[in-house]
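J.: One structure is given below, represented as structure tokens, and several questions about it will come after.
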């Protein structure tokens, strides 16, 4: 786990406010040297602290307004192949291992209910999937957020 100091936190908060800020602008806004900002960003990226910018993309704005959460029970011996298969489905935006009655939670983005059905059928054909259950997201009540963790 990467240890964040106050400079890292200030830098990450600034990026959260404006993810397209340049190194020069961040340096100016934070009163830091450009080299410091650049090296910190490189380290935070290499350590996995910074995610890909695509996580800020709103699927609805690119023609995929419907979201669904698919839980799946899996055959554990098929797990490596399963992850490979699921990663090949473009509409899968996230897949996490969970505890409880299911083994996976797969978030998908779709055009409409028929598209959700098609995607879940493709998920069912992945190696090791035993069963699935799908819930349609009706409304996003609290958007994905991280800035409060840095304060």
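All of the numbers you see were taken from the coordinates with simple rules; none came from a lab. If you're wondering where the values come from, they're calculated on a predicted model, not measured in any experiment.
J.: Could you tell me whether the range 31-87 comes out rounded, prolate or oblate from its Cα gyration tensor? Rule is a ≥ b ≥ c as square roots of the eigenvalues, rounded for a/c under 1.5, then prolate if a/b exceeds b/c, otherwise oblate.
T.: oblate
J.: Wrap a convex hull around the Cα atoms of the range 6-55, take a quarter of its surface area, and give that in square nanometres.
T.: Reported value for the Cα convex hull: 3.2 nm².
J.: Ratio of the chain's C-alpha Rg to 2.2 N^0.38 Å, to two decimals?
T.: So the Cα radius of gyration is 1.29 times the expected 2.2 N^0.38 Å.
J.: So what's the angle, to the nearest 10 degrees on a 0 to 90 scale, between helix 34-46 and the longest Cα principal axis of the chain?
T.: With both axes taken from Cα atoms, the answer is about 20 degrees.
J.: Helix-derived [θ] at 222 nm for the chain: sum -39500 (n - 2.57) over DSSP H runs of at least 4, divide by residue count, nearest 500?
T.: Details: 6 runs with 58 residues, N = 151.
That comes out to -11000 deg cm²/dmol.
J.: Then there is this: Give me the distance between the Cα centres of the range 116-149 and the range 18-82, rounded to whole Å.
T.: Cα centroid of the range 116-149 versus Cα centroid of the range 18-82: 19 Å apart.
J.: Further question: For the chain, what does the relative contact order come out to in percent, with C-alpha contacts under 8 Å and a separation of six or more?
T.: RCO, the chain: 26 percent.
J.: Considering the chain as a Gaussian network with a 10 Å cut-off on Cα pairs, which listed residue, 52, 109, 72, attains the greatest mean-square fluctuation?
T.: Between 52, 109, 72, it is 52 that shows the largest mean-square fluctuation.
J.: Assign one of three labels to the range 59-136, namely rounded, prolate or oblate, based on the Cα gyration tensor with a ≥ b ≥ c the square roots of its eigenvalues; rounded applies when a/c is under 1.5, prolate when it is not and a/b is larger than b/c, and oblate otherwise.
T.: prolate
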